Structures are given as structure tokens and as C-alpha cells.
Amino acid sequence: QVQLVESGGGLVHAGDSLRLSCAPSERTFSTYAMGWFRQAPGKERKFVAAITWTGTSTYYDDSLKGRFTISRDNAKSTVYLQMNSLKPEDTAVYLCASFRATMDVAFWGQGTQVTVSS
């Protein structure tokens, strides 16, 4: 019954920054890791970043490592994705995910739209 709620998306210009947030609907929430995927129009869903909930190990898609930063707030059970120097190719629906294990998603958020104009 747990739901992941994303926020922070929007329409921005190339070079701008956005900070996405994802919080579970239930306070009593536990997870192995949380992270983000994105799906551009007409393309497959792709992994963006993830962070473990206890050890704070982070993982990134190699093409995004220099511009995107994932972080978490254990007290709020919230995960963030700081996106800098946004490019038009970053345009996609960004989905929050809760992992029960490595590469094993237990819950998905509904997604938040990020649109970057040239």
C-alpha cells in the first residue's frame, strides 16, 4: 500500500537546475535503497541513480555522474536528486523507486515530468 510521491519537476531552460524529491506515503517505511529512473519519449526506462538507506553508497549512470547528485534524509524517509546543467536530452519522466535488493524494485512512484528547452 505504500506509495512514493515525487515532486520538483517542471519546465526549465538548458543550463538550469532542478531538485527532485521523493517521499513515501507511510512514515513506517523501510527499504534497502531508493533511487531514480527516467523515461524519455519513445524510449526505454533507464536507470539514473540510487542510494542505499544505511551505508549511503551511491550509484549513477556513467553519463550523468558529473551533473546529477543523489542524497537522502533518513528522518524524513526522503530521497533527492539534484540535477545541474540540464540539457534537452534530460527531458523525461523521472520516476522514484524503492529497491528491496540490488536491481530489484519493490515500489514505483507515479513520475514527475522534467522538460528542458534548448
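The values are calculated or read from the model by the stated rules, or taken from the named source; none is laboratory data. Keep in mind the model is a prediction, meaning the values are calculated, not measured. Note that each Cβ is placed from the backbone with ideal geometry, even for glycine, and that neighbours are counted across all protein chains shown. For the accessible areas, the whole protein counts, side chains as well, though only heavy atoms, and no ligand, DNA or RNA atoms are used. Shrake-Rupley method; radii C 1.70, N 1.55, O 1.52, S 1.80 Å.
Taking only the stretch 97-118 into account, find how many residues are touching a Pro at 6+ places or on another chain (Cβ under 6 Å) and among the hydrophobic types (A, V, I, L, M, F, W, C). So that I can check it myself, show each step before the final result.
Taking the stretch 97-118 and keeping what is touching a Pro at 6+ places or on another chain (Cβ under 6 Å), we get 116, 118.
Going one step further and asking which of them are among the hydrophobic types (A, V, I, L, M, F, W, C), we end up with 116.
Going through the stretch 97-118 one residue at a time, the tally reaches 1.
Among the strands (runs of 3 or more DSSP E) confined to the stretch 72-118, the ones with at least 3 residues that are under 16 Å from residue 30 (Cβ atoms) and small (Gly, Ala, Ser) are located at 92-101.
Residues of the stretch 88-111 that are hydroxyl-bearing (Ser, Thr, Tyr), crowded, with 21+ Cβ neighbours inside 10 Å and under 22 Å from residue 10 (Cα atoms): 94 alone. All told, residue 77 falls short of being more than 22 Å from residue 117 (Cβ to Cβ) and touching a Leu at 6+ places or on another chain (Cβ under 9 Å).
For (1) small (Gly, Ala, Ser); (2) open to solvent by less than 70 Å² (accessible area, probe 1.4 Å), each residue gets a yes or a no:
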residue: 4; (1), (2): no, yes
residue: 11; (1), (2): no, no
residue: 38; (1), (2): no, yes
residue: 59; (1), (2): no, no
residue: 72; (1), (2): no, yes
residue: 77; (1), (2): yes, yes
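None of 85, 21 is at positive phi and open to solvent by 20 Å² or more (accessible area, probe 1.4 Å) except 85.
Summed over the stretch 40-57, the residues that are in contact with a Phe, Trp or Tyr (Cβ under 7 Å, 6 or more places away or on another chain) and open to solvent by 30 Å² or more (accessible area, probe 1.4 Å) give a count of 3.
In this entry, residue 68 is excluded by the filter for residues that are within 13 Å of the chain's Cα centre (by Cα), open to solvent by 40 Å² or more (accessible area, probe 1.4 Å) and not β-branched (Val, Ile, Thr).
Here is a yes/no grid of residues against (1) modelled with pLDDT under 95; (2) in contact with a Lys or Arg (Cβ under 9 Å, 6 or more places away or on another chain); (3) farther than 15 Å from residue 18 by Cβ:
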| site | (1), (2), (3) |
| --- | --- |
| 57 | yes, no, yes |
| 60 | no, no, yes |
| 63 | yes, no, yes |
| 70 | no, no, no |
| 75 | yes, no, yes |
| 83 | no, yes, no |
| 89 | no, no, no |
| 97 | no, no, yes |
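Does residue 62 satisfy being in contact with a strand residue (DSSP E or B) (Cβ under 7 Å, 6 or more places away or on another chain), closer than 23 Å to residue 103 by Cβ and charged (D, E, K, R)? Let's see the steps before the verdict.
Details: in contact with a strand residue (DSSP E or B) (Cβ under 7 Å, 6 or more places away or on another chain): no; closer than 23 Å to residue 103 by Cβ: yes; charged (D, E, K, R): yes.
No.
For the stretch 25-36, a residue qualifies if it is of a type outside the set (D, E, K, R), open to solvent by 20 Å² or more (accessible area, probe 1.4 Å) and either under 15 Å from residue 74 (Cβ atoms) or touching a Pro at 6+ places or on another chain (Cβ under 9 Å) (or both), and the qualifying residues are 28, 29, 30, 31, 32.
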